[in-house]
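Please treat every number below as a calculation from the coordinates, not as lab data. Note that this is a predicted model, so its numbers are computed, not measured. Neighbour counts are summed over all protein chains in view; Cβ atoms, including those assigned to glycine, are modelled from backbone coordinates with ideal geometry.
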Number of protein chains: 2
Amino acid sequence: MKDIPFERISEKTGVPAERLETSFKKGSSRLLESGGLRALLFKKQVMDLEAGTVAYLTGEPEVIRGFPKIRRTLLLSPAIEKHFTESVAVEEKMNGYNVRIASVSGRILALTRGGHVCPFTTEKAKELMDLQEFFRDHGDLVICGEMIGRDNPYVSHDYPEVGPLGFRVFDIREKNTNTPLPVMDKRRILESYELPAVRLFGIFPVEEAPGRVAEIIRMLGADGREGVVMKDPEMKLPPLKYTSSQAHAREIAYAFNYPFDFGRPFFFSRVIREGFQAYELDESDEETLERAHRLGEAIIYPMLKRIKSIAEGEPACEDTVIDVEDRERAEEFLRHLSRLGVSATIADYRDGKATIRRFYQSTTDRITNYLEGGLY
Amino acid sequence: MKDIPFERISEKTGVPAERLETSFKKGSSRLLESGGLRALLFKKQVMDLEAGTVAYLTGEPEVIRGFPKIRRTLLLSPAIEKHFTESVAVEEKMNGYNVRIASVSGRILALTRGGHVCPFTTEKAKELMDLQEFFRDHGDLVICGEMIGRDNPYVSHDYPEVGPLGFRVFDIREKNTNTPLPVMDKRRILESYELPAVRLFGIFPVEEAPGRVAEIIRMLGADGREGVVMKDPEMKLPPLKYTSSQAHAREIAYAFNYPFDFGRPFFFSRVIREGFQAYELDESDEETLERAHRLGEAIIYPMLKRIKSIAEGEPACEDTVIDVEDRERAEEFLRHLSRLGVSATIADYRDGKATIRRFYQSTTDRITNYLEGGLY
């Protein structure tokens, strides 16, 4: 422990060294090899230091801060007026998984939310984007974005504009401090390096924003898309997120595919969102009725389908096809999933296409038990 | 503590004295005045001794055992065949609150689930039934039943056959041991004292029971009624409960009147029941669609209505009218509610009709906060 440079991490991040040390002693942070480099991973937040932060310890420490949790608003008005000052930048929130990309000791690494280097994501990020030039000029910056698309082993969602897999950048942040670039600076720099940004719907005066966001949300919902992140253009205030009814229904339907693996809070919070959205956005009784029916169907049908398939002897699992260079890469990815506690296997491998099968054991076990006459 | 006769309670109940003592030391049971008598209330289960058990300590101890939790089955088949032996008695499960009535030291007392003597319930039980003769002959027995009806301050549900308030007996059990009478013995004894029993739908061979119960549940559901309790006719095996889709939807709708006062498990478990019932009972795609829509509507509409009314400045509350002899009786009932931790007031009193208003503070506070722009 003595050789962990808590003092220098403290200087860079502003979090007192003794707090960093306590976190380590309590097991809230741990040493690991991250992308081949020695690093300290913070599994839990320490004061302002976000969970998922990784401090690389090769030479001068470099800290890739965790991506800050974005708070949600249940209503657009008056939350937007209350939260922001003059204007709000509205960007698309996409349904994939959160990735931070940084260059550390000459290696480009892609970290998932918890702070683990994912070998699949690292490789795909480099395939999808030309990152060399950006990091040569801006080694002090971190690219934060969403890995999206159908052939996505974490969150599969079809976005026709990206093909099977794509990446969209939503933030550029400084190493060590996590300071984000202002929205337009970020977009300009991304453009100059030909890196793909999430859609910007506009920068609106706060008084106009609730109405404009309501329109955008309707449009996105009708398109089966997720929602928006609202940002202070200067990025001095924390952003807010807001999502479409269709996104809630889709997530609920997904969770009810595996009802005993997804927690109760997952379910309850999404239902609450629907109540507030009905209050604020529904323009007719018909719209509310449609919302109610969409919700009920999102609950019942996936659950019914799952019970039927388990009754027929199929375990609850989920297949995603990923594109890999060879079978060894697929196996490396499985080992990564296993370290994260995910039970999965390669169901099929053929010509660079690996079918990753993930198992939902609690759902299989509990439904099987009830089907055999077990009591609730 | 030395004067609590743990040894004698142990002899009567079969639970070791030292376990009873430990429970007391840990604060899981406590001394109180119960219906004017000194008693020990078990708030938590101790081995076989159910939560809600009350040991009266005047003279020879007498133990009114807690009412045993009835387990639920999510599927009728094969659970019934697996759980029961030859035949199953199917009785109606009614939607009210659980009451145990016993005679202790010459007083007839009515206990609610947790083991508290409720003054309102005690008075009403005696008004609704002639209990003197029964307890004169059977001082060693406890009448277990449901207080039901519209003018019910705990669970208001209209049962046309009882008028504003009624009582239905479902079990007769022995003091101290909690041994229940066999189903037909119980019904005969109730009949001979003209005490009202819950409906018995029949005693069916186990192979026939799942089909018969399915029919009964359809009929009850269509009537807006709750469900059934299935019992071993000899009462040697624990009973099982099963409820209608309409009951689930009604309870969900009720909970979404007060979304932040009802727990997430309340909601989740009812939704799960619907999935299994759809699997087992739905005879057509239309029935499943109806079920899904009923569920979605039960969630969205009450929540939307509540958000609207709070936006208009009304706090979340629930009114029930109870019939009392005088205002003092209503106030006594309020004090009882307050001891149980329930926030309520008398909103109106006129000619023996007291309107009890119960407040749902978390729902009011949290919805108000979101309406003012608070973040989730």
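Descriptive notes on the structure:
- Test item: B:74-81 mean partner chain Cβ contacts at 10 Å: 4
- Per residue of B:249-259, other chain Cβ atoms within 10 Å of the residue Cβ number 1 on average.
- GNM result for chain A, Cα springs below 10 Å: residue of A:102, A:214, A:222 fluctuating most strongly: A:222
- Protection-proxy order for peptides A:71-80, A:291-300, each taking the mean of Cβ atoms within 10 Å per residue, highest first: A:291-300, A:71-80
- In sequence order, segment B:315-323 has phi-based couplings of x, 6, 8, 9, 9, 10, 8, 10, 9 Hz under the Karplus curve 6.51 cos²θ - 1.76 cosθ + 1.60, θ = phi - 60°, and Gly or Pro positions carry x.
- Positive minus negative residues near residue B:105 (Lys, Arg vs Asp, Glu; Cβ under 15 Å): 0
- Radius 13 Å from Cβ of residue A:2, net charge of other residues (Lys, Arg +1; Asp, Glu -1): -2
- Teacher prompt: residue A:105 distances to equivalent labels in other copies, 7 Å Cα→Cβ, nm: 7.9
- Whether chain B is rounded, prolate or oblate, judged on the alpha carbon gyration tensor where a/c under 1.5 counts as rounded: oblate
- Local electrostatic count at residue B:325 - Lys and Arg +1, Asp and Glu -1, tallied over other residues with Cβ under 15 Å: -3
- Under 15 Å from the residue B:47 label point (7 Å along Cα→beta-carbon), backbone N, segment B:1-19: B:6-19
- Shape category assigned to segment A:47-152 from the gyration tensor of Cα positions, a/c cut at 1.5: prolate
- For segment B:341-358, 3J(HN,Hα) computed residue by residue from phi via the Karplus equation (6.51, -1.76, 1.60; θ = phi - 60°) reads x, 9, 8, 8, 8, 8, 7, 7, 9, 8, 6, x, 10, 10, 8, 8, 10, 9 Hz, glycine and proline entered as x.
- Here r is the Cβ-Cβ distance between residue B:219 and residue A:290 and R0 is 45 Å; the resulting FRET efficiency, rounded to 0.05, is 0.90.
- Cβ-derived FRET efficiency at R0 41 Å, residue A:269 paired with residue A:234, nearest 0.05: 0.85
- Area projected by the alpha carbon convex hull of segment A:95-197, averaged over all directions, nm²: 6.2 nm²
- Value of [θ]222 nm, deg cm²/dmol, for the protein assembly as shown, DSSP H segments ≥ 4, -39500 (n - 2.57) each, nearest 500: -12000 deg cm²/dmol
- Using the Karplus relation 6.51 cos²θ - 1.76 cosθ + 1.60 with θ = phi - 60°, the per-residue 3J(HN,Hα) values for segment B:360-376 come to 10, 5, 4, 4, 4, 5, 6, 5, 4, 4, 5, 5, 8, x, x, 9, 7 Hz, with x marking Gly and Pro.
- Where rotation carries A onto B, the chain A residue whose Cβ is nearest that axis, in whole Å: A:296, 1
- Overall form of the protein assembly as shown per C-alpha gyration tensor (a/c, 1.5; a/b vs b/c): prolate
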